[in-house]
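The values are calculated or read from the model by the stated rules, or taken from the named source; none is laboratory data. Please read these numbers as outputs of a predicted model, since none were measured by experiment. Reconstructed Cβ throughout: ideal geometry from the backbone, glycine too, with neighbour counts over all protein chains shown. Side chains are part of the model used for accessible areas, which takes the heavy atoms of the whole protein and leaves out ligands, DNA and RNA. Shrake-Rupley method; radii C 1.70, N 1.55, O 1.52, S 1.80 Å.
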Amino acid sequence: MGRRKGARERTPEFFTVDVERLDQEGRGIAHVDGKVVFVQGALPNERVTYERLRSKSSFDIGRVTEVHRESVMRVTPRCPNFGLGPGSCGGCTMQHLEPSAQVAYKERVLLDTLWRIGKVRPELVLPPIHGPYWGYRHRARLTVRDVAKKGGILVGFHEKSSSYVADMHVCPILTPKVSALIDPLRELVAKLDMRQRMPQIEVSVGGDGRTALVFRHLDPLTDADRERLLAFGVEKEVDIWLQPKGPESAHAALPENEDKLGLELPEFGVRIAFKPTDFTQVNHELNETMVSRAIRLLDLSPDAKVADFFCGLGNFTLPIARRAGRVIGIEGSEGLVARARQGAAENGLAAKTVFRARNLFTWCEADWEELQKTMGGIDRILIDPPREGALALARVLAKTDKRPARIVYVSCNPATLARDCAVLHHEGGWHIRAAGIMNMFPHTGHVESIALLEPGEKPAEKSVEAEELERRIAAEGADNVKMTLSDGA
């Protein structure tokens, strides 16, 4: 890769440090002359030499160049694309850390974030949920680029901290079938007339292993390109999908393949049909265990009335319906609501389910009152929001006197989970009875977690913690509350 025009040569600077712990991005934390340093590729208790990459007034960022004292947790990465230098793949950040140690690290991130942001601690730390460490990724978006300097077409994830595409030939976190398709896909795209106008290929694998490839094309396909794609689908036994515009435009090249993908939840006798551009959990085995744990934590009775917020296609709604009396799924997208309703009918659960489209980021007390009337009361709540969390909903549940017996909150962002639990606890008196992590994305810094809350006595007046949280939300914005493990280091 060439340097930018006018960029001055930088004299490399190297430092040797003792690494103390990891931050939320899996980087080692050390100190040089009282200044915090984040060292990519370093592990706790190691002594390393690093090259300084960036220097700010309050912190530096570096990259390991030599390990002098190695951690017992260090392992040899399985993937040839994993590394620290230019050209290494950015799909994983922690393959050098032993998998069980990754889980312990994520648990610490969760507990530390709950306390630092929310000033809350769970009464019980749930045992971590494990799944497969390799071949677990059933969804991925692969970038496509024609790079003459690297021999032509590249198909893969972006390089670490870069917009360039990694020159990869295998990927051990993808399913074996998809990993084996990387080189054939490179060869296929190289033959297409529109090789310069096909920026990405989305991969989606169903519960039975059925695989769909969604080709994003910026220009209409030529007849010859269509035939090449269809022939590839037959040869590799994959479904070919085409996406000329946004995700809603994706369609199967052969109409008979439109409804073939499905996600299985065998414990509950549920199959959820989905399109390859829909959001589904990437780790199917872990998803089954997660849904099972959530249902157990809800402690459902056969006549329970449940609300499932951010329900999507019904990943939790339909299993809940198998155990409860009635469940309402609420989601922001009219299209997803329609398809969740269809999924309930296909699973024989239409009589026990209700679905509504509603913007949950503007949820208010009037919405809660209407929901209570629709369902004749709510006994249990499940919340599974995107990274932005569920602040509006948390505020309503903190204020209301019509409180369900339990809330189970599934989170993909510890910072917004901590913020929302803090609102519920400090303003509404809710107790965080239990919380734990689920290793949905092994070898990455992504932390998926689950928390159980039960109502307690509301505080008579606003606490110092509640006032501080409100000040912080107002200053940073509801969607931007964040804190790294380095705060105060």
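Among the residues making up the stretch 240-272, those that are in contact (Cβ under 8 Å) with a residue 24 or more places away in the chain and open to solvent by 40 Å² or more (accessible area, probe 1.4 Å) are Pro244, Pro247, Glu248, Leu254, Lys260, Glu264, Glu267, Gly269, Arg271. Counting only residues that are part of a loop (DSSP other than H, G, I, E, B) and touching a strand residue (DSSP E or B) at 6+ places or on another chain (Cβ under 6 Å), the stretch 421-446 holds 2 of them. Reported count of residues in the stretch 332-360, each being open to solvent by 70 Å² or more (accessible area, probe 1.4 Å) and farther than 27 Å from Ala250 by Cα, is 1.
Which residue, of Thr317, Thr277, Thr289, is more than 19 Å from Tyr136 (Cα to Cα), among the polar types (S, T, N, Q) and touching a strand residue (DSSP E or B) at 6+ places or on another chain (Cβ under 7 Å)? If you could, list the steps in order and put the result at the bottom.
Working: Thr277 fails: more than 19 Å from Tyr136 (Cα to Cα); Thr289 fails: more than 19 Å from Tyr136 (Cα to Cα).
Result of the check over Thr317, Thr277, Thr289: Thr317.
Asp278 meets the conditions (1) touching a Leu at 6+ places or on another chain (Cβ under 8 Å); (2) modelled with pLDDT of 95 or more in every case but one. The failed one is (2). Here is the figure for the stretch 14-45: residues that are in contact (Cβ under 8 Å) with a residue 12 or more places away in the chain and assigned to a loop (DSSP other than H, G, I, E, B) total 12. Restricted to the stretch 136-148, and to residues there that are outside any strand (DSSP E or B) and modelled with pLDDT of 95 or more, the residue that is nearest to Arg210 (Cα to Cα) is His138. In the stretch 295-314, the residues that are under 21 Å from Arg356 (Cα atoms) reach residues that are outside any loop (DSSP other than H, G, I, E, B) and of a type in the set (S, T, N, Q) with C-beta atoms within less than 9 angstrom, at least six apart or across chains, in these pairs: Val306/Thr317; Asp308/Thr317; Cys311/Thr317; Gly314/Thr353.
A Cβ distance below 6 Å, combined with a sequence gap of six or more or placement on separate chains, defines the contacts here; from the stretch 378-392, residues that are touching a residue at least 40 places away in the same chain (Cβ under 8 Å) and within 21 Å of Arg296 (Cβ to Cβ) reach residues that are surrounded by fewer than 22 Cβ atoms within 10 Å (Cβ to Cβ) and among the small types (Gly, Ala, Ser) in the pairs Asp379/Ala304; Asp379/Ala405; Arg380/Ala304. Scanning the stretch 119-135 for residues that are outside any loop (DSSP other than H, G, I, E, B) and touching a Ser or Thr at 6+ places or on another chain (Cβ under 7 Å) returns a single hit, Ile129. Checking each residue of the stretch 248-262 against the condition of being under 24 Å from the mean Cα position of the chain (by Cα) and either in a strand (DSSP E or B) or modelled with pLDDT under 95 (or both) gives at least one match.
Being farther than 30 Å from Ile473 by Cα, in a loop (DSSP other than H, G, I, E, B), at pLDDT 95 or above and not hydrophobic (A, V, I, L, M, F, W, C): is that true of Pro86 here? Against the criterion (farther than 30 Å from Ile473 by Cα, in a loop (DSSP other than H, G, I, E, B), at pLDDT 95 or above and not hydrophobic (A, V, I, L, M, F, W, C)), Pro86 does not qualify. Counting only residues that are in contact with a strand residue (DSSP E or B) (Cβ under 6 Å, 6 or more places away or on another chain) and either more than 15 Å from Val37 (Cβ to Cβ) or open to solvent by 50 Å² or more (accessible area, probe 1.4 Å) (or both), which one in the stretch 51-62 is modelled with the highest pLDDT? Only one residue fits best here, namely Phe59.
Residues in the stretch 182-196 that are of a type in the set (A, V, I, L, M, F, W, C) and more than 24 Å from the chain's Cα centre (by Cα): Leu185, Leu188, Val189, Ala190, Leu192, Met194.
I need the strands (runs of 3 or more DSSP E) fully contained in the stretch 149-231, keeping only those with at least 1 residues that are without any contact (Cβ under 8 Å) to a residue 60 or more places away in the chain and surrounded by fewer than 20 Cβ atoms within 10 Å (Cβ to Cβ).
Where strands (runs of 3 or more DSSP E) fall fully within the stretch 149-231 and carry at least 1 residues being without any contact (Cβ under 8 Å) to a residue 60 or more places away in the chain and surrounded by fewer than 20 Cβ atoms within 10 Å (Cβ to Cβ), they are 152-156, 200-205.
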